[in-house]
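Engineer: Just dropping this structure here.
The values are calculated or read from the model by the stated rules, or taken from the named source; none is laboratory data. Every value quoted in this text rests on a predicted model; they were computed, and no experiment measured them. A quick note on method: Cβ atoms are made from the backbone with ideal geometry, for glycine too, and the neighbour counts reach across all protein chains shown.
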Amino acid sequence: MPRISNTTHRYTGNHMKKRHRSRSKKIGLPPGTLVHVGEARVKQPMLSLFRYDADTLQEQSETSLSGLKLETADTETLWLNVHGLHDTALMTEIGRAFNLHPLVLEDILNTEQRPKLDSYDGYLFFVTRFFHYDKHSMEISTEQISLILGHNFVLTFQERPTGSFEPIRERLRANKGNLRKSGADYLAYGLLDMIVDRYFVVLEQIGDDCEALEEELLRKPNAGVLQGIYKLKHETMELRRAVWPLREVLNALIRNEGSFFHHGTLLYLRDVYDHTVHFIESLESLRDLLAGMLDIYLSTISNRVNMEVRALTVVAMLFMPATLIAGIFGMNFRVMPLLQNPDGFWIAMGMMATIAIIMGLIFWRRQWLSRRS
């Protein structure tokens, strides 16, 4: 069974204090003020740039925007990825270079956004979340992914480098599939598809732990199993809360009101939407399984308590006749049967033993002495 950790890396006191302090910085400030809300997960932001078309590919990595060549031809697609969001000066420079609205930059820096979609003049801005599952502590860690889609460029913003988009980069370098031949809309689809596919990996890992907990529950329920059930139940609830709005985001993208997606790409977006719906349905089934496991645990514990109470009741009933006989012979009367008889003591003990044996046989015939009954 997975090991249950007593500490969590997401809800520690220090982390909560840092989050409240970062939120308090925004109190009283005008809308669009750039304040990073969240934890700085890298020391220095890193920028990676891909500029490509069907025949050529240029790749750059820098720590500042000045070292990147952002000018593109009409046939080229530009993809700028940023790791690290705490540098507000860098975010201001990026916003100025791509003419981004201050509210967009504010939402990017606030790493506690729910999935959403906003349409601006010349680009789309949508937010989703990426998940990692730690099997050792049975916890889900999450990070915000912000994506901006223009007619010939894609901007992605991540809190830290995780290698999540490395398969997309490899496909660009190897010129496999339609990625290089298509435009920025197909790249945005590929990134969304990669994120949703990762959800199923997390769901499979949680499902494996649920199966391990279920086997432990049926074999020997204990407090550790109960803690694991509650832990996974809470994690799946957080996962559902974060993924459920993504369905509406994808539905809005499919409507393509700003004509940012070509007709051929919309077919692939519908496939991502179907995967998201399938993930949510699978997640609901997993949550129902955890709820059923909790009911099984409570029923098993209740049945165990009933068995112990019944065993104590049987023992008490076996000794009740002996207590009654002892009480009768202990009364202070001058004349009582068997008091003057030399064998009176053994007769009384025999009566006690006979009644106890008879009652024991009755309990055994009714299977009250069996732990499986």
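Engineer: If P245 satisfies every condition in (1) modelled with pLDDT under 85; (2) closer than 28 Å to Q144 by Cβ; (3) surrounded by 12 or more Cβ atoms within 10 Å (Cβ to Cβ) but one, which is the exception?
Structural biologist: Exception for P245: condition (1).
Engineer: When the range 254-281 is examined, which residues are found to be loosely packed, with under 15 Cβ neighbours inside 10 Å and within 24 Å of E235 (Cβ to Cβ)?
Structural biologist: V277, H278, E281 - these are the residues of the range 254-281 that are loosely packed, with under 15 Cβ neighbours inside 10 Å and within 24 Å of E235 (Cβ to Cβ).
Engineer: If you go through the range 105-120 one residue at a time, do you hit one that is touching a His at 6+ places or on another chain (Cβ under 6 Å), aliphatic (A, V, I, L, M) and either closer than 26 Å to G183 by Cβ or in contact (Cβ under 8 Å) with a residue 24 or more places away in the chain (or both)?
Structural biologist: Looking through the range 105-120, at least one residue is touching a His at 6+ places or on another chain (Cβ under 6 Å), aliphatic (A, V, I, L, M) and either closer than 26 Å to G183 by Cβ or in contact (Cβ under 8 Å) with a residue 24 or more places away in the chain (or both).
Engineer: Just give me the residues in the range 316-351 being hydrophobic (A, V, I, L, M, F, W, C) and exposed (fewer than 10 other Cβ atoms within 10 Å of the Cβ), in sequence order. Give the derivation first.
Structural biologist: To start, the set of residues in the range 316-351 that are hydrophobic (A, V, I, L, M, F, W, C) comprises 316-320, 322, 324-326, 328-329, 331, 333, 335-336, 338-339, 345-349, 351.
Within the range 316-351, M331, F333, V335 qualify.
Engineer: With the condition kept exactly as written, say whether any residue in the range 121-133 is free of Cβ contacts under 8 Å to residues at least 12 places away in the same chain, out of contact with any strand residue (DSSP E or B) (no Cβ under 7 Å at 6 or more places or on another chain), in the same structural domain as L269 (by TED's automatic domain parsing) and surrounded by 15 or more Cβ atoms within 10 Å (Cβ to Cβ).
Structural biologist: no
Engineer: Which condition number in (1) more than 24 Å from E112 (Cα to Cα); (2) free of Cβ contacts under 8 Å to residues at least 40 places away in the same chain is the one that Q227 fails?
Structural biologist: (2)
Engineer: So which residues in the range 299-348 are among the aliphatic types (A, V, I, L, M), over 21 Å from R366 (Cα atoms) and outside any loop (DSSP other than H, G, I, E, B), if there are any at all?
Structural biologist: Of all residues in the range 299-348, those among the aliphatic types (A, V, I, L, M) come to 301, 305, 307, 309, 311-312, 314-318, 320, 322, 324-326, 328, 331, 335-336, 338-339, 347-348.
Okay, now just the ones that are also over 21 Å from R366 (Cα atoms), so 301, 322, 324-326, 328, 331, 335-336, 338-339, 347-348.
Of everything in the range 299-348, those that are among the aliphatic types (A, V, I, L, M), over 21 Å from R366 (Cα atoms) and outside any loop (DSSP other than H, G, I, E, B) turn out to be I301, A322, L324, I325, A326, I328, I347, A348.
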